[in-house]
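Worksheet: one structure, shown below.
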Amino acid sequence: MTSGAIDGSRAAVLVTGGAGYIGAHTAKALAERGYRPVVYDDLSAGFREAVRWGPFVRGDIRDEAALRSAMAGHAVAAVIHFAGVIEVARSVAEPGLFWDINVGGTGALLAAMRAAGVPRLVFSSTAAVYGQAGRGAGEMIAEDDEKAPSSPYGDTKLAGERMIAAHCRAHGLTAVALRYFNASGADPSGVIGEAHEPETHLIPLAVAAGLGEGRPLTVYGDDFDTPDGTCLRDYVHVNDLAAAHVAALEADLGPGAFEAANIGAGQGRSVREVIAAVERALGRPVPCAVGGRRAGDPPSLVADTGRARALLGWEPACSDLDRIVRDALRWEAQPAYGLGHRVRRN
Ligand SMILES: NC(=O)c1ccc[n+]([C@@H]2O[C@H](COP(=O)([O-])OP(=O)(O)OC[C@H]3O[C@@H](n4cnc5c(N)ncnc54)[C@H](O)[C@@H]3O)[C@@H](O)[C@H]2O)c1
């Protein structure tokens, strides 16, 4: 193990945004691997009930002093940074907020890590850093492809990556940015799952529509240049994502290294294929209507995951679409957690 890697058992890992969807699944994976996940979250979009595998600190990601004190108080050895605002449409309406939380918050986190002497970071980045530069159906996106975000959300994530890379060069921090494609599914235990408000992601919306709990599903455009005319996306199981974070934490990288890696299933699935998978799992049709294309929606976003394999030794293990949908359905269908009941404010 090089000096940049953290030393496994019982080491405390600060998980910012750990009360949210991907953060909670990663906290569980960390605990199963012997780490102590310390969740830091302001609960603006996350849930106290989703913090189950270690201590909880309520705080804002822009509060450098509170971050420093959480790091010192829990002897934090590394940070995984999920906290942020995530809705693309909201970023168009409120760009200042996105720069403040996603970029300003990352700046505060980096300053606190430096002050507290925490040497290692894994950062939630996104396929949105690539924008929509003319890709054909199913053509894979690699890390060195052009970065051209098509929303303020994507801009702030790319800016976050660049700020982190500069800190690595200047201050010897070791960091990995994971560019997720479409996070989906839920832990098979049914204890944690996807809970966004508003929910904009296809699988939970299709499940809700199929269960009769949501509106009929809108298919945004069926005239794309793809095999069935609907958009192709890369759906990766949230537990595969969680495993990628643990692998990134443990990757053999020296001080000052900064790496970025795509995390996806490496396969494009159309909106119609996803609806068919939900219908198979539910055993009934999903009511849907075709609407117009959404501004800035690229026809195809599919990850080339070669770098994640080579750098992290990671590959998807449970991202088969039927399995993703089954796990999502188990979570969504619980009476106590059904849509509308599940989203409880703290
Ligand atoms: N869900 C996806 O498909 C996807 C894809 C690519 C990237 N990402 C990135 O992954 C990360 C996690 O996404 P998610 O889907 O789990 O979202 P989420 O909304 O469930 O989780 C985000 C968490 O951050 C917290 N948070 C927000 N603002 C905060 C602040 N100012 N201070 C402290 N905590 C704050 C929220 O309370 C929430 O618990 C985000 O950074 C997102 O941009 C998600």
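The values are calculated or read from the model by the stated rules, or taken from the named source; none is laboratory data. What you see is a predicted model; the values in this text were computed from it and never measured. Positions of Cβ are backbone-derived with ideal geometry, glycine not excepted, and every protein chain shown enters the neighbour counts.
Just the residues that are within 20 Å of ILE86 (Cα to Cα) and part of a helix (DSSP H, G or I), please, taken from segment 111-138.
Listed by number, the residues that qualify are ALA127, ALA128, VAL129, TYR130.
Read through the list (1) surrounded by fewer than 23 Cβ atoms within 10 Å (Cβ to Cβ); (2) farther than 15 Å from PHE123 by Cα; (3) under 19 Å from the mean Cα position of the chain (by Cα); (4) within 15 Å of the ligand (Cβ to nearest atom), then give the number of the only condition that SER69 fails.
Unmet for SER69, out of (1) surrounded by fewer than 23 Cβ atoms within 10 Å (Cβ to Cβ); (2) farther than 15 Å from PHE123 by Cα; (3) under 19 Å from the mean Cα position of the chain (by Cα); (4) within 15 Å of the ligand (Cβ to nearest atom): (3).
Yes or no: GLU259 surrounded by fewer than 22 Cβ atoms within 10 Å (Cβ to Cβ) and over 20 Å from the mean Cα position of the chain (by Cα)?
no
At pLDDT 95 or above, surrounded by fewer than 23 Cβ atoms within 10 Å (Cβ to Cβ) and closer than 30 Å to ARG294 by Cβ: is that true of VAL103 in this structure?
yes
Can you say whether VAL39 is within 14 Å of the chain's Cα centre (by Cα) and within 9 Å of the ligand (Cβ to nearest atom), as far as the supplied structure shows?
no
Checking ALA75 against (1) more than 10 Å from the ligand (Cβ to nearest atom); (2) within 23 Å of LEU178 (Cβ to Cβ); (3) in contact with a strand residue (DSSP E or B) (Cβ under 7 Å, 6 or more places away or on another chain); (4) of a type outside the set (D, E, K, R), only one condition comes out false. Which one?
Evaluating ALA75 over (1) more than 10 Å from the ligand (Cβ to nearest atom); (2) within 23 Å of LEU178 (Cβ to Cβ); (3) in contact with a strand residue (DSSP E or B) (Cβ under 7 Å, 6 or more places away or on another chain); (4) of a type outside the set (D, E, K, R) leaves (2) as the failure.
Could you tell me whether any residue of segment 290-304 is under 29 Å from ALA77 (Cβ atoms) and assigned to a loop (DSSP other than H, G, I, E, B)?
No.
Quick one: is ALA83 modelled with pLDDT of 95 or more and outside any helix (DSSP H, G or I)?
yes
Take the residues in segment 178-201 that are polar (S, T, N, Q) and more than 8 Å from the ligand (Cβ to nearest atom), then tell me which one is nearest to LEU232 (Cα to Cα).
Only one residue tops the list, namely THR200.
Filter segment 47-63 down to the residues that are assigned to a helix (DSSP H, G or I) and either β-branched (Val, Ile, Thr) or surrounded by fewer than 17 Cβ atoms within 10 Å (Cβ to Cβ) (or both), then identify the one that is farthest from the ligand (Cβ to nearest atom).
My answer is GLU49.
Quick grid of which residues meet (1) touching a residue at least 24 places away in the same chain (Cβ under 8 Å); (2) not charged (D, E, K, R):
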| position | (1), (2) |
| --- | --- |
| ARG114 | yes, no |
| PHE123 | yes, yes |
| GLY136 | yes, yes |
| GLU146 | no, no |
| MET163 | yes, yes |
| HIS167 | yes, yes |
| ALA175 | yes, yes |
| LEU202 | yes, yes |
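Which count do you get for residues in segment 158-187 that are under 23 Å from ALA108 (Cβ atoms) and part of a loop (DSSP other than H, G, I, E, B)?
The qualifying residues number 2.
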